[in-house]
Structures are given as structure tokens and as C-alpha cells.
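Reviewing the structure listed below.
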Amino acid sequence: MSEKIRKSVSNPEVTPVEVIEDLALVKNAQAENLKADLDNLLDEIDSILETNAEDFVNSYVQKGGE
Amino acid sequence: MALPKVCGIETEYGVISRGFDSSPIVASSVLVNAYAGAFKQNIQWDFGDETPDRDARGFALEDAFPPEVETHMANSVLTNGARYYVDHAHPEISTPECRTATEVVLYDRAGEEIIKESMKRANALLPDLHEIITYKNNSDGKGNSYGCHENYLVARELPFGQLATFITTHFVTRQIYCGSGKVGSEFLTDKADAVTYQISQRADFFEEEIGLETTIRRPIVNTRDEPHCDPDKYRRLHVIVGDANMSEYATYLKVGTTSIVLAMIEDGAFPPQLIIDGPVNAMRTVSRDISMSKAIRLSNGELKTSLEIQFLILEAAEKYDAECGLDCVNSDDFPLEGTNILLLWRETLTNLSNGGVGSFDTIDWLAKMRLINAYQEKNDLAPNDARLKALDLQYHDMRTGKNLSDRMNLRRLITQGDADIARTEPPQSTRAFFRGMCLQRWPEFVVSANWDCLIFDVGDGPLRRIPMMEPLKGTRALTEDLFKSCSTPMELVLALGLEHSELTSFRISDVF
């Protein structure tokens, strides 16, 4: 693996728990952002979804695996 | 001391063809060949050491149906050390052996990129309006399931029964952060529409506590004894209970917590009172309990919720860290891996205790549930409306632009650039490095490869087999100078002392 990968993945973005408790406001702001993004997605989701949901769901048949 | 937790993930993708009739086997083969052919990665897999019918308990049940090895289907080894092949009727990618949970996430993500590239290349070859589409999920909603298996290195000397009993407690309760979420139920005795949404894709399919099968009567603990390394020293715990995750953080938690719990079991640090009474039913109870408030009975009669049990395992893990350290899940490249896993584990359980706020962007079943609830509310749909099941499927759709998990702002652990590099570059802290480098340098001389050996045809004399029975050898640190000093595979063979083909007793550890 390259030096670059090592550098960028060696620090997972984990917020220490004791810090989190002081960050209730930030968390609320994040939740608000997530909600706004979800609202935006809902406005355009019908153009992303398969056109005939019932046919799509019925025709999605797989063989068991493993 | 616990063994270093070498680990990896095998993911089977759902596959459909649109605009034309094709068997899933053919569609899967087209994907694998489109990728392997384009990148000249069509090295054959060597099946010589495959023994999926061997049972870890040392016996075989008369009515057990061991998995069959299918040698005739598309099958290739990639330069990143991974295996990409057709398993039953699905394209499947096994990550290379990794030393840390972060690297497993990296190579699982690289696997997604390989699948996307395969679809792109295959579909470019097909006529207009013909398309092969894949889904990183585990069920078709009609009772057919396919797996996302994890593998962990554990000590052979650890009694398997003890391992199975304790790890079952973790498998049943880890669903609350590992689950990918599912609309509806596929458990046979459920009444129609009895379950509108559950935490896990896979929980409906487990019928036994322990056993060899993976396709019928699935057990919570799989006993396949196929270590792919020195069988006197090691086991490979083959885990079949997990869901395929879209969230990188969920995969990180799944592999990270399980690695730590296995180390605790090896070192006798798992809380002995945490044994679940009736784990098969408890799997479904936990999966169907989105409030995470239902009690599970322990074998000592106590009642605890899945969250309470997870907090108790976490507290034991924190104590284990304080007393023994977590070097078994750290590596030189990732020295804080264990600490990071524990912090994220606590953060996640704390968030789950408070309704999940703070983990909507890391836990798949929560992200999917938010989407489904919001869509249902906005359009005033009945819980069994097909559109909600379509949303569920499309959360896992591997087409860019159609994948709904991409739109849920999931936190990323891996950058796009790193995922692209990991498509071709092997991890450096396991034998996957040696495999990957040999395939990068001398693909035309590698006749076949598998997890624990490589076979070279150096053009002069017999085929040369290089056994790799030690997962933690063949690393970059151990082989970098060797690769620098060799410009041909013959030089490599000579440098390794492999002048002769009769090398069955040879161990790579003798040389490196």
C-alpha cells in the first residue's frame, strides 16, 4: 500500500466520547443538515427510483448464494 | 496473548440483467471476465487446498450438505491480492488478507469500485438497452439470501466450543450497529406484513446455533475448518451472520469489534456470564426490535437488552485494553486502531441509547429507516407498498446515481483516491503483499494462485510452488529487498531456494 493510503486511512474520523458530550449543539446542527439533505432528496427521488416499483420488486429474484 | 487478528471480507453481490434474458451465472461471469480481461488479471485460482467440507468440531454430520467447490466458473486473482469470481449465481469479491479493520474497509470499498468498473465495461459491450446491474445486499425479499462473510485468524489451541458460545453473544447483539436494515420479513412462519421494518437483512435466515452449512439451515456459528494457513497453529473463523454494509463505518465497527471480542475470548477476558439462552430466536428478536428495548434471556436467567449486553462487552473490552493492550488489532501502520474502535463503539452505543441521533450517518439500518419513513410519510403510503421495497433495494444499487445510500450523507472513512489505488495495490502487512507483487511483476509466469500458495512456470523445468502458510509473512517489510534484488521469476525462485519442485515440507518462514 502506498504511503498516501497509509497516511489518509490511518486516522479514522472518530470523535472522542468525552468531547461529544460537549458538542450537543454541533450534533443538533448536524442533525438539521441531515434533515435538510433528506428533504432535498425526497424532492427529486422519484426521478431516481425505478419507474415501475411493483414490477421491479417482483422481478428482483436471486438464487441463494454462499 | 491473542494472535494478531488477520481479517478479510467476502461479499456476494445480487445481480440482475435488464433488457435481455440471462442466467445469473452468465451475467456474473460476464462481469468478472469484463474486469479481469480488461486488466489482464485472468490468473487462475488453484483449488488444490480447498476443503470447505471439513468441520471445525472434528466430525461431519451425516445429513450435512457441505458446500461444493465450483472450479469451472470465472475466477481470478487480482494484483491487490483479492479474489474475484463467480460463486453459485453471484459475482463475489474476497478482499486480500488485512491486518486491521481500516484496511478491510479500504479493500471492501475497492471491491465496490471493481464491481462498478465491471458493470461499466460489461455494459459497454452489450447492445443498447441491455444492462447488468448489481446490488450490495443480502436478500431478494422472497426468501433467497446470499452472504457477506468475514474471516478472522484465531489460535488453533482455543477450544472451538468455547469460542462458539461466546462469539454467538456478540453476533446476536452486534446487529444493532451492523445491520443494513430490511423492509418486511422472510421468516417462514411470519404472517404477511407482520414485520414492516427490521434491523438486519440476514437474521431471518438463521435456523441453527452451530453447523457446517452456509446455504440451508444456516448456523449462527459456521464450523467450516479451512484455515488456508498452517492448520496446526491457526483457525480461520468463517463468519456468515453479517449483513453487507454500505456504510464504511458500519463495516469498520463490524470487523473492529469482532476482532477485539475474538482476542478477548482467546485471552479469557470475555465476560463468562454473557451467554444467550436460545440465540437462534434471539437473532430475530434483536433484528425486529428497532426500539432496542426488548429483553433477551441469558443462560443464568438474567434478562438484558441487546444494548445492555453490548455495553457490558464494551466495558470488558475497555478493561482488556487497559490490562493487556490491543496490539492484536493494531499494526505499525495503524498504531491507534484498537483505541479508535473502542471510541467509536462507545460513541455508537451511546447514540443508540438516545434514539440513534449522531449515528444516522454511520449506521445503515438507521439511515435506510429515515429514508423509508420520510418517503412513506410524504406520499402517505401503506407499510407494504412496493415503492418502499424498491427504496430498500436501491439503497444497495451499485450504479452511481441510482444508489440511495450515496444520498444519505454517510460518513466516509476512505477517500476515492485511496479506493482507486487499493483496486490494484495490495495491503503491506500480510502475505497478500507477496501475492499481489508477484502478480503485478510477473503475471505471465504465474500459473495459478490461492490464499496459501503461488505456482510459477518459469519456463525451465517443473512448475515451482511457493507455499505461504503464514499469513503474517510475505509482508512488504519482509520481501521488499527480495523483490528489489530479483528481476525475473526464476531469480525469485532461486533466491527462495526453490530449485526443485518437491517442496511440500517447505515453509516460507524458513526463508524470510
> Across bins of 5 angstrom width beginning at 0, how are the C-alpha pair distances of the stretch B:346-388 distributed, in whole percent?
Replying inline: 5, 23, 24, 17, 13, 11, 5, 1
> Mind checking which aspartates and glutamates have their C-alpha under 12 Å from residue B:116, skipping anything on the same chain fewer than 8 residues away?
Replying inline: B:397, B:420
>> Can you give me the distance in nm between label points at residue A:40 and residue B:113, each placed 7 Å from the Cα along the Cα-to-Cβ direction?
In response: 2.5
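How far, in nm, would the chain grow between residue B:319 and residue B:460 when pulled straight, counting 0.36 nm per residue and subtracting the alpha carbon separation?
Computed gain between residue B:319 and residue B:460 is 45.0 nm.
Please report Rg over Rh for the stretch B:7-421, where both radii come from the alpha carbon positions and Rh follows the Kirkwood definition.
Using Cα coordinates only, the ratio equals 0.94.
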>> Taking a virtual spin label 7 Å from the Cα of residue B:267 along the C-beta vector, which residues in the stretch B:130-158 bring their backbone nitrogen under 18 Å of it?
In response: B:153-158
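Can you give the mean number of other chain Cβ atoms that lie within 10 Å of the Cβ atoms in peptide B:337-349?
Numbers: counts 2, 0, 2, 6, 2, 2, 8, 6, 2, 5, 6, 1, 1.
Taking all residues of B:337-349 together, the mean is 3.
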>> Going Cα to Cα from residue B:402, which aspartates and glutamates come in below 13 Å? Please leave out same-chain ones fewer than 8 positions away.
In response: A:44, A:46, A:50, B:392
> Can you list the lysines whose alpha carbon is less than 18 Å from that of residue B:378, not counting same-chain residues fewer than 8 positions off?
Replying inline: A:35, B:368, B:389
> Taking each residue of B:357-368 in turn, how many C-beta atoms of other protein chains fall within 10 Å of its C-beta, and what is the average?
Replying inline: 2
>> 7 Å from Cα along Cα→Cβ at both residue B:411 and residue B:297: what's the point-to-point distance in nm?
In response: 3.8
> What do you reckon, how do B:353, B:405 stack up by accessible area (1.4 Å probe), largest on top?
Replying inline: B:353, B:405
> Quick one: what Rg and Dmax do you get for the protein assembly as shown from the alpha carbons, in Å?
Replying inline: 23.1, 73
> What's the average, rounded to a whole number, of partner chain beta-carbon atoms within 10 Å of each residue's beta-carbon in B:372-382?
Replying inline: 2
> Over what distance in Å are the Cα centres of the stretch B:82-159 and the stretch B:10-27 separated?
Replying inline: 13
> residue B:23 to residue A:52: FRET efficiency via 1/(1 + (r/R0)^6), r the Cβ-Cβ distance, R0 30 Å, to the nearest 0.05?
Replying inline: 0.80
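The values are calculated or read from the model by the stated rules, or taken from the named source; none is laboratory data. Here the structure is a predicted model, which is why all the values come from computation and not from measurement. When we count neighbours, we look across all protein chains shown, and the Cβ atoms used for this are built from the backbone with ideal geometry, even at glycine. For accessibility, only protein heavy atoms count, side chains too; no ligands or nucleic acids. Shrake-Rupley method; radii C 1.70, N 1.55, O 1.52, S 1.80 Å.
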